[in-house]
Amino acid sequence: MVRKTRFGVKSALLVSTTLPPPDRVVSGSMANTFYFMASPTELDVLDWFRSQADRPEEYPNVERTLLFYRQFGSLAQTPDGSPDQTMSPLISVYLPKVRRGVLWTIGEVHFLSKSKANFPALKRIEKDFRRWLGRYPVVWSREKDGEEGYGYFIEGTVKNVAAQIIGLPAGKAAFDAGQYFVAEHDNDYVLDQVCQSLRLRGVNCC
């Protein structure tokens, strides 16, 4: 049985020594997380990882794609025998999705390992990814939150967890045109509240 958590999923199944099942990785503290706006059909983030010299193995499910860098090390285990993502060379990528017909989710990239000293090559990839994202504009940052009209089309809980949100081309264009965004992990209760508010603005959110 799989239980959803804020950053991924958790199960009590045993470790596979040949591949990390995409929905069987123990949740833990994120070492670094990046948030981005993109369209639900925009694959720029995944394509960036695919284009690097050190390519990961990909294990997708309906929620996200898990990137496993087997060349950097094996999966670590917790005392109960479950995969330990905080000590393994793993990255999870949540691409934007459509919610309630009109809402787009904010994309997320989680560098899961807290053991950067054990994976210097993974740290280099993180630095290169940060540099690549830096080519694109910041569409929202916590430092400016509260300014009138700033982040108007960002709904739900994402402002509670993100320090800043980067706008990739299609996502930034949609945001500028009035597209509403929510967090990847906003549950039905939060989405109900968002839709109720948006219907008052004339948005057909169901």
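The values are calculated or read from the model by the stated rules, or taken from the named source; none is laboratory data. Computed from a prediction, not measured in an experiment: that's the story for all the values here. As a convention, Cβ positions derive from the backbone with ideal geometry for all residues, glycine included, and neighbour counts pool all protein chains shown.
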- Task: Name the single residue, out of those in the range 161-177 being under 15 Å from the mean Cα position of the chain (by Cα) and assigned to a helix (DSSP H, G or I), that is surrounded by the fewest Cβ atoms within 10 Å (Cβ to Cβ).
- Result: VAL161
- Got at least one residue in the range 9-24 being modelled with pLDDT of 95 or more, surrounded by 18 or more Cβ atoms within 10 Å (Cβ to Cβ) and out of contact with any Lys or Arg (no Cβ under 8 Å at 6 or more places or on another chain)? no
- Item | Conditions (1) in contact with an Asp or Glu (Cβ under 9 Å, 6 or more places away or on another chain); (2) of a type outside the set (Ser, Thr, Tyr); (3) surrounded by fewer than 20 Cβ atoms within 10 Å (Cβ to Cβ); number of the one not met by VAL158 | (3)
- Counting only residues that are more than 16 Å from VAL158 (Cβ to Cβ) and among the acidic types (Asp, Glu), give me the strands (runs of 3 or more DSSP E) lying completely in the range 44-145 with at least 2 of them. 57-60
- Note on the structure: Condition set loosely packed, with under 14 Cβ neighbours inside 10 Å and over 18 Å from the mean Cα position of the chain (by Cα), scope the range 71-98, selection nearest to SER39 (Cα to Cα): answer is GLN71
- Query: Among the residues of the range 182-205, is any of a type in the set (Ser, Thr, Tyr), in contact with a helix residue (DSSP H, G or I) (Cβ under 8 Å, 6 or more places away or on another chain) and modelled with pLDDT of 95 or more?
  - Reply: no
- Only one of these is surrounded by 18 or more Cβ atoms within 10 Å (Cβ to Cβ), of a type in the set (Ser, Thr, Tyr) and closer than 19 Å to ARG100 by Cβ: TYR152, TYR180, TYR189. Name it. TYR180
